[in-house]
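Reviewing the structure listed below.
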Amino acid sequence: MTIFITATVVASPYSFAGTRHSEQRHVNDAFKKDFGRKVYLEKKLPKASIEDVYVIHFIIDGVNLETFNQALAGGRLPNIRRMFFEEGAVFKSGLSLFPSTSSTVYQSYATGLWPGHAGIPHIQRFDRNRLKLVDYLTVSDYDTINSDQINLRTLMNPKIADLNTPSNIFELLSGHPTAAVYSPFNKGAAKIAPSVPLRAFWAAYISGDEARVDQLAFAEINKLYGDNLEDIPRYSLVGLYSSDINGHRYGPASKEVFEILTQFDLYLAEFEKLLAKRGIHEKTYIVVSADHGMHSTGKLFRLRKALEAKGIHVKPNNPKDKGYTLVAADRGVSSTHLYVKHNDGFSPIQNASIIEKHPTLWGEKIDLKDIILKMDASELLIVRNGDRKARIFGREGKTADVECYTVNYVDYCSYNFDELLGDPLGYSSAENLRQFLDKEPHSTFEWRAKTAELEYPDLIMAIGTMFEDGRAGDMFLTVRDGYGFKKIKAGGHGGPKIEDMRTPFMIRGPKIPRGEACVIRPVDLFPMMTKWFGIDVPSKNHDGVDPFAKHEPEDKIAVKLSALESLLEKYPPISKMIGVQDFVLTKVYPLIDPKDFDAIAKKAWDELGRRHELSKKLKAALDNMNKQKLRDDAPKVVDPDYLDDHISIVSRALERTRAGMVELEDILIILKSCKSIDSVACQGI
Ligand SMILES: [Zn+2]
């Protein structure tokens, strides 16, 4: 990835005054004048009180699990073997997330959020309000990944109900030294190193000295950790790109990638010595992971061209051409997302069937999914079907629905494939998944555990969350083996399959149990780190869960409540329903045992209370934003650049919450009245 010219050129404007180095501030101000975005609201935090520990996270970018294991088996990684396999914890299934790119995954390590909860859907997005492409990898938008980051979980937490509450790990460590070293995501980092990454850019793209990129990163680390003891970063997020550059250039299991891993192993041992010398070795947690894996590619998918040949007006580079009906954010990886124009312009589509009647330049209506899935390179088309719903189309007509619900801040999602047409993800052939393919929603943690080793690891939750903030496109397209967009490369990533999705993941540190651990998602690092630092963060503010915690079986009552919500959603509210009794008899009774009615009703009542409180808070937040939009003298609650964007995110969240309340009220009426179908109460509904 060509991150070096751009993403780390200057300190984030969100850095906290006082912790920023002065020379960096100078560069920053000068740069901001020309290119930088004006950031209106800088939320300041008091200095956090934390445990006396250090965390450093090395991301060996783009190394898949197989390549890593080969290097290990070949004896190339003796220091890693000792430090982690003997003295730390190594995860059997380190997971990336879909879309498997640096932007989406680096942010999730630092925020604990799925991309669709963090406003960072891919390496590029289309701004639906301003109608322009936002690219996280160009000079003009270099810092947008940081200003883009929002937190949908804090928005849905009634105690906060805000998208911009500082909540990533850099922000939570406010007042302490922290560092982002060659990390595109650095919102809130006290130090961004290097301030101008020209030498790495030169090494990677001009002189062809790929290994030098990591050497420069370690030079920065040696500087940071050789500094005054009180200036050593409590948390460092380190991007090591040499492996990714070589993987793209020479292939994911090339000797050039192995050489980078050997180099990393040696540097790591040196770094460990430095920690000992500084007297902080016993207080330091070291995390090694990749952001995503990689697979061999080499064939080019000219999606734009193929769409244009069918008469579809795809957004061209010429800004004067405004007649387009489709936007492809297809910058050079093995997945892309597309935005579809419809009656409401480019607002997020709420129904997947919209893509079946797409206008062409020749005045016809065509079915986008048929056209796209007939292209040789296409594999899966994942179409938005609501904020938390998607329809997956595979080849040969295979179709499935993903639907998600939340009970007490835990996500429950169902995967429901068409039995006649076939299962696009092939999950039905996995023995251990049988009981979860009963058409009912199941907990996010079950999906994590049960799909980690399948062909499409952990895809259900990625799909169930990716459309929620509305910043992602209306469709994600993944490609068949060997294909990539925009440019021919030897290796690619960005897709949902096992080579991109499984990564090395290991940790050592004061409180880490030794031995093999099970499975970890990128979002799961965040709650571990906050625990190490002793920062109290409510689990409702992020998507992760401590991977060392005992795996509790899912809450069966919450599963049933989600199943009921899913059912009620597909019918008119009972106040407008004809034949409620019949509905209960034929639809509810087969789903729920009447002996569970009271327990589910109790849960539904609690959930209704939460949503009631949330809807009031969301309404107030929306009112304040609308005031800011309409009146000059109103308080500025949101960065004006993001005002329209936030208004649409919060409006949809409010709508969703209110719709869910109607369903919960109906669920309560049914559960309270119809324990016996012949009761007077049930007949009286
Ligand atoms: Zn890459």
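Quick notes on this one:
- Candidates Ala620, Ala681 - the one that is in contact (Cβ under 8 Å) with a residue 40 or more places away in the chain, of a type outside the set (D, E, K, R), surrounded by fewer than 16 Cβ atoms within 10 Å (Cβ to Cβ) and in a helix (DSSP H, G or I): Ala620
- Residue among Ser296, Ser207 that alone is over 22 Å from Gln107 (Cα atoms), surrounded by fewer than 17 Cβ atoms within 10 Å (Cβ to Cβ), within 16 Å of the ligand (Cβ to nearest atom) and among the hydroxyl-bearing types (Ser, Thr, Tyr): Ser296
- The set of residues in region 133-156 being crowded, with 20+ Cβ neighbours inside 10 Å and part of a loop (DSSP other than H, G, I, E, B) consists of Tyr136, Leu137, Asp141, Tyr142, Asp143, Gln149, Ile150, Asn151, Met156.
- Filtered by the rule that a residue be without any contact (Cβ under 8 Å) to a residue 40 or more places away in the chain and basic (Lys, Arg), region 180-222 gives Arg199, Arg212.
- Matching option when the condition is acidic (Asp, Glu), surrounded by fewer than 24 Cβ atoms within 10 Å (Cβ to Cβ) and not in a helix (DSSP H, G or I), among Glu66, Glu51: Glu51
- The strands (runs of 3 or more DSSP E) located wholly in region 377-493 that include 3 or more residues which are more than 25 Å from Met661 (Cα to Cα) occupy 378-384, 475-479, 482-485.
- Search result, residues across region 97-143 that are in contact with a Lys or Arg (Cβ under 7 Å, 6 or more places away or on another chain) and within 16 Å of the ligand (Cβ to nearest atom): Leu97, Ile123, Gln124, Asp135
- Scoring Asp291 on the criteria (1) within 16 Å of the ligand (Cβ to nearest atom); (2) modelled with pLDDT under 95 leaves a single failure, condition (2).
- Hits in region 549-584 - residues which are out of contact with any strand residue (DSSP E or B) (no Cβ under 9 Å at 6 or more places or on another chain) and of a type in the set (Val, Ile, Thr): Ile574, Ile578, Val580, Val584
- Residue in region 486-496 that is farthest from Pro522 (Cα to Cα), counting only those that are buried (at least 24 other Cβ atoms within 10 Å of the Cβ) and over 16 Å from the mean Cα position of the chain (by Cα): Gly491
- Filtered residue count, region 229-255, keeping only those that are closer than 30 Å to Gly332 by Cβ and either away from the ligand (no atom under 14 Å from the Cβ) or hydroxyl-bearing (Ser, Thr, Tyr) (or both): 10
- Residues of region 560-574 satisfying the condition of being in contact (Cβ under 8 Å) with a residue 40 or more places away in the chain and either touching a helix residue (DSSP H, G or I) at 6+ places or on another chain (Cβ under 8 Å) or not assigned by TED's automatic domain parsing to the domain that holds Lys603 (or both): Lys560, Leu561, Leu564, Glu565, Leu568, Glu569, Pro573, Ile574
- Complete set of residues in region 316-372 that are more than 16 Å from the ligand (Cβ to nearest atom), β-branched (Val, Ile, Thr) and under 15 Å from Ala306 (Cβ atoms): Thr360, Ile366, Ile371, Ile372
- Whichever residue in region 566-581 is in a helix (DSSP H, G or I) and either of a type in the set (Gly, Ala, Ser) or under 25 Å from the mean Cα position of the chain (by Cα) (or both) and, among such residues, is farthest from Asp438 (Cα to Cα): Ser575
- Qualifying residue in region 69-88 (condition: touching a Pro at 6+ places or on another chain (Cβ under 6 Å) and either farther than 30 Å from Arg331 by Cβ or modelled with pLDDT of 95 or more (or both)): no
- Test: residue in region 310-320 that is in contact with a Lys or Arg (Cβ under 7 Å, 6 or more places away or on another chain) and over 30 Å from Ile50 (Cβ atoms): yes
- Residue count for region 79-114 under the criterion of being in a loop (DSSP other than H, G, I, E, B), small (Gly, Ala, Ser) and within 11 Å of Ala290 (Cα to Cα): the result is 2.
- The number of residues in region 217-272 that are small (Gly, Ala, Ser) and in a strand (DSSP E or B) comes to 2.
- Of everything listed in (1) in a loop (DSSP other than H, G, I, E, B); (2) touching a His at 6+ places or on another chain (Cβ under 8 Å); (3) within 16 Å of the ligand (Cβ to nearest atom), the single unmet condition for Glu499 is (1).
- Restricting Leu671, Leu614 to residues that are in contact with a Phe, Trp or Tyr (Cβ under 7 Å, 6 or more places away or on another chain), assigned by TED's automatic domain parsing to the domain that holds Ser562 and at pLDDT 95 or above narrows the list to Leu671.
The values are calculated or read from the model by the stated rules, or taken from the named source; none is laboratory data. Bear in mind that the values here come from a model prediction, so they are computed numbers and not experimental data. Note that we place each Cβ from the backbone using ideal geometry, even for glycine, and neighbour counts take in every protein chain shown.
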